[in-house]
Amino acid sequence: MTRRILVTGGAGFIGSHYVRTVLGPQGPGEVSVTVLDKLTYAGNPANLDEVRRSPRFSFVQGDICDAELVAELMAGHDEVVHFAAESHVDRSIDGGAEFVRTNVVGTHTLVDAAHRAAVRTFVHVSTDEVYGSIAEGSWPETRPLRPNSPYSASKASSDLIALSYHRTHGLDVRVTRCSNNYGHHHFPEKVIPLFVTNLLDGRKVPLYGDGGNVRDWLHIDDHVRAVELVRTKGRAGEVYNVGGGTELSNLELTRLLLDACGADWDGSVEYVADRKGHDRRYSVDWTKIRDELGYTPRRDFVTGLAETVSWYREHRAWWEPLKDRAAW
Ligand code: NAD
């Protein structure tokens, strides 16, 4: 029987890759997808061109905070995969109101409607940032949440609200907390696409502080596979960390990106004031999803990064109009 999945934020970077994948040749086949997306500056209808003609695809432009619309949509769906969010930490430092509205109020609107419509499964996509910084080692799912930015605090709040609907009402909520994603179709405000598109244009790249902040990098193919494992085999009320297996400082990442674009350090790197409250290092322990659901990251970072850089080289028409939108 076809499962009808409501995918929020499906016009964004990760959500659109999820939709293209589940409706693509490697997808499970027995699913149909409705994307609910407000099309903010980060949402791009072109990300869904590949699936637009599929009879199993439909698109609704709308806000996850719109309770009436959400209730109406929820009634026709069996499952929800929730990606929609304000996702850029720097913007949340500039002003957190939209982060609280979309990430907290929007998630509540969705889980409440999912509960009332007796939806079977609700996958809430969250982030490793909710745990806060860690100097050494990796946080397990049981670590109390200590978010530091308005973005991560809004995501932590949304995790707790989603999980409260499991504990209180028995709604089958599953939460994923992944590390930094990279790949094609990534909006050019985040570090990898920002640096690559600047370098392809012969411009400088802004490196925060001393460049010593460390992140774990996860290819979108691996992340989407993890989300599908959680949707199809995960357990209700559980949280699953998702790691990528490649930990790099921003200095190391910048060096790789300069090499990939054929640029030199002195002519291309501009040190800028550090991000306020910049978390030094994130790291999640993903033993649970490996042991329970058989997940391991498959994409090798060097190959994945080279493919990503090639994609940006070949898709100027996709990112050039977005460079203006990325400025705020
Ligand atoms: P993105 O910014 O590329 O896409 C977000 C999408 O949500 C956009 O299409 C936007 O139009 C839509 N949206 C925003 N507000 C909305 C609203 N009120 N109603 C309906 N739609 C709305 O984000 P992304 O990088 O694809 O991230 C997807 C999810 O993964 C987010 O929940 C994010 O917190 C999480 N996440 C991302 C990363 C990463 O590295 N990108 C890492 C960890 C977790």
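Numbers below:
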{"read-out": "Of all accessible heavy-atom area on region 1-94, the percent that carbon and sulfur account for (1.4 Å)", "value": "49 percent"}
{"read-out": "Cα-based shape type of the chain, given that a ≥ b ≥ c are square roots of the gyration tensor eigenvalues and the cut on a/c is 1.5", "value": "prolate"}
{"read-out": "In degrees, nearest ten, helix 107-116 long axis to first principal axis of the chain (Cα)", "value": "20 degrees"}
{"read-out": "Mean ellipticity per residue at 222 nm, deg cm²/dmol - from DSSP H runs of n ≥ 4 across the chain, formula -39500 (n - 2.57)", "value": "-11500 deg cm²/dmol"}
{"read-out": "For Phe57, solvent-accessible area (1.4 Å; no DNA, RNA or ligand), Å²", "value": "20 Å²"}
{"read-out": "Percent accessible area from carbon and sulfur atoms, region 161-310, protein chains only, probe 1.4 Å", "value": "48 percent"}
{"read-out": "Estimated dipole of region 44-129 in Debye, rounded to 20 [Cβ of Lys and Arg +1, of Asp and Glu -1, Cα centre]", "value": "360 debye"}
{"read-out": "For the chain, accessible area per residue (1.4 Å probe, heavy atoms of protein chains only), Å²", "value": "41 Å²"}
{"read-out": "Neighbour cut-off at most 14 other Cβ (10 Å), DSSP loop, GluC sites (Glu not before Pro), region 90-137", "value": "Glu136"}
{"read-out": "Dipole magnitude of region 163-282, debye to nearest 20 (Cβ charges: Lys/Arg +1, Asp/Glu -1, about Cα centre)", "value": "660 debye"}
{"read-out": "Zero-based 5 Å bins, Cα pair distances in region 228-290, whole percents", "value": "3, 12, 17, 14, 13, 13, 11, 9, 5, 2, 0"}
{"read-out": "Tensor-based shape of region 26-125 (alpha-carbon gyration tensor, a/c under 1.5 rounded, otherwise prolate or oblate)", "value": "oblate"}
{"read-out": "Under DSSP loop assignment and at most 16 Cβ neighbours within 10 Å, longest trypsin sites (Lys or Arg not before Pro)-free interval of the chain", "value": "121-202"}
{"read-out": "Whole-angstrom gap from region 1-45 to region 226-288, using each part's C-alpha centre", "value": "23 Å"}
{"read-out": "Ranked order, Val284, Val100 - accessible area, probe 1.4 Å, largest first", "value": "Val100, Val284"}
{"read-out": "Cβ charges +1 (Lys, Arg) and -1 (Asp, Glu), total dipole of the chain, debye", "value": "600 debye"}
{"read-out": "Accessible surface of Val309 - all protein chains present, 1.4 Å probe, nearest 10 Å²", "value": "10 Å²"}
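The values are calculated or read from the model by the stated rules, or taken from the named source; none is laboratory data. Since the model is a prediction, treat every value here as computed from it, not as a measurement. Glycine gets a Cβ as well: all are built from the backbone with ideal geometry, and neighbour counts include every protein chain shown. Only protein heavy atoms, including side chains, enter the accessible area calculation; ligands, DNA and RNA are left aside. Shrake-Rupley method; radii C 1.70, N 1.55, O 1.52, S 1.80 Å.
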